[in-house]
Structures are given as C-alpha cells and as structure tokens.
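Notes to accompany the following structure.
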C-alpha cells in the first residue's frame, strides 16, 4: 500500500463532542491501512477556557476564539463543527464557501429553511465534500444488522422500528439548557437533537416515508434557570413517528422513536426489522449481541425441526474499517466515533468503496421534511405526507401536506 496522506483537521466547538473527536483522531493508528492520516491542527471556540483542554495536543497550531480565523487558516483541509443548532446555517455555509470540507453535526440546520441554504451553498461550491455526523450505526452489531437486511436475509419486510432513546432529561431538577429552548434548538425539539441517529439506517435502506402520524410530548414545561427560577422549556422531549414506507410494490410500517426522557435507558440506539423470512434486532444496550430470527428446517432437531429460532450472535470489534483490535474484543462509543471518521475520510478520498458511509446532505435535508410533517401531524392529529420538493423558504407550518385524519 502507498504511504498515507496527511489531512489537517480543524474543530469548531471545544465542548463534549469536540473533545471526543480530538480523542478519536489520536487513536488513528488503530486503523489498518487507511489511506489518510488526520492531524488536528486547529481549534476554535468563543470561550477561551474551552481551548485549554486542546493545548496538550502537540499538533494543534491554531487556537482561535473566532471561527473565521480557523477558516482562514490555509493549512486546514477538513472542519468538524459542533455548535448550537441556530448557528449551523451561518457556520456551515461559511465553511463550505471557504473551500473546506465539512463533517457537520445534526440536524444540519435549525429548520428546513436553514437546510435549504446549506444545500444551496454545497451546490454552488465546486468540489465541496460534506457529510453529517451520526456515529451510533457504526457499532459492529448495527453494521451486521444493516448488511443482513440489505442482503435480503429477512425477506419481504413486515415492519421495522428504529430508535434513539436516553434519559438525559429524566432528572426533573436538571437546569435548563439550549437544547430545551426553541430559539436555539428549533421547533422540532428532540427530533432535531436526536432524530438523525434513528433515521440514518432507514434512509440509507431507501425507506422514505410516504405518509406519517406523529405523537410528540412536552413532559417538563419548566426547568430551573441560572438563578434557580423556573423558566419555560418549550421543546418536545419525546417523539414517536409511525410512517408508511413503500417498497417493491407494497407498504410496511416504520416506527421511529426519539426520546430524551425514557426511564431505564442510558444512550440507546436500536433497530428491529421483521420479514417473511426472519428478523434481525440490535441494541447498543447489549452491544455484543445481534439477534437473528430464522425459520429454516433442521431435521436433526426432530419435533423442533420447523420451529422459529432466535439466534444470539456474538459480534466482535470489527465495523466498517478494519482495526488492530482483536475481533473477540467488544466495542464502545469511542470506537464508533473512530469508525465514523474512518468512513468520512475514506469516502472523501474515494476509498470507501461499497462501505457504509456517513449521512449525506440530502439525507439530512430529508429529515427536516420528515420533522416538519411530524409537527404538522401532531398539531392536526392527522396523517401527513412529507413534502420532499426543494423549497426556497421552507416553513414548518406549510411544508407538509395533510392527507387525512387518523
């Protein structure tokens, strides 16, 4: 193999995910024969104290409190941005127009209008390469489930459920934060914050909802503010979407759950799909186990020969890109971030082949149309068809078409 090329990375946003990405890039030698080697060379955050964590990384040369200084750095090739949703449109379009390649964070803009603007910037910038972060489907078990479904292993789909569930807001005394305020997070609430994790695999399988019905919950309308006084929390904490998907001349139901308050969960991504030939199920709550249902006849089992059987397959450490980690070992959240970046940079280099890729801008854009339809469905208690037609100025209240009452 030829010697790998170096790619210089800049991070905008020195918070939790910025530090996670920096740590993942330091683990790059765990990958086998990757065509590029990323080096974190620049970090930007409006809070100077947030930059201090990154000063121990000897490859970082640029420390900025204005992201535009990072974009002006000619040595930066790729930028990762993790900031509030209301800042996405400005920062993403500026990054694209600066000629940098971008790994963006979900939801790819605070609303459909912002997503439109970001797509327009990509279309107007030759050579632009943009993908969107969604690390959970890079668990080895998730990849095995995806491959099994795509290969036709479960046969004609009967129904599917994709979920991203956690309990970060289960503490009712937890202080308010920007994710619980519409002006920063967006009207789609938890769907903006978590939804792309749950939609990544369905959309990659081509499961685009024809119509949907949504139930949204605002469970904790007030939380303590900075001085302890209760202030409004005006976003949805939990969302359930029941969608109808058309495939090969028939339809099946797809349920997508995103919840910030789901007692008993921690940070759980799960996928369950049943078909006429079997089923497959994976949850990050049990990261070493893939469940596969088969119904093939095994004469050696005697009276049980034709019974349905759930098999528990123990999955190891290997995901999209091979690593030096022994296959018998288990994987975790940090490993999925490494795999996501391996996929992103391999695809950017033209070396991903048929491997599972990061969320495309078009897929992220589609989720905004789904969320708009979900908001309209909940408000009208009706079944709604998402409008995937490009809109110059999408409005949440009008960018979906009511097709009937539930």
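Readers should treat all values here as calculations from the given coordinates under stated rules, not as data from a laboratory. Predicted model, so just to flag it, every value in this text is computed and none were measured.
The share of C-alpha pairs in the chain whose separation exceeds 29 Å stands at 47 percent. How big is D for the stretch 36-86, in µm² s⁻¹ as a whole number, if Stokes-Einstein is applied with the Kirkwood radius of its Cα pairs at 4 °C and 1.567 mPa s? This corresponds to a translational diffusion coefficient of 112 µm²/s.
Here the stretch 136-348 is described by how far its Cα atoms reach on the three principal axes: 69, 43, 39 Å, from widest to narrowest.
Between the C-alpha center of the stretch 235-296 and that of the stretch 57-109 there is a gap of 33 Å.
Which whole-number percent gives the relative contact order of the chain, counting Cα pairs below 8 Å spaced six or more residues apart? Contact order relative to length: 18 percent. Largest mean-square fluctuation among 42, 147, 389, in a Gaussian network model of the chain whose springs join Cα atoms under 10 Å apart, belongs to 389. Shown here: the stretch 334-375, whose C-alpha atoms stretch 37, 24, 13 Å along the first, second and third principal axes, sorted largest to smallest. Largest GNM mean-square fluctuation across 158, 57, 11, computed for the chain with C-alpha springs under 10 Å, falls on 57. Restricting the calculation to Cα atoms, the stretch 1-154 yields a radius of gyration followed by a Dmax of 16.7, 52 Å.
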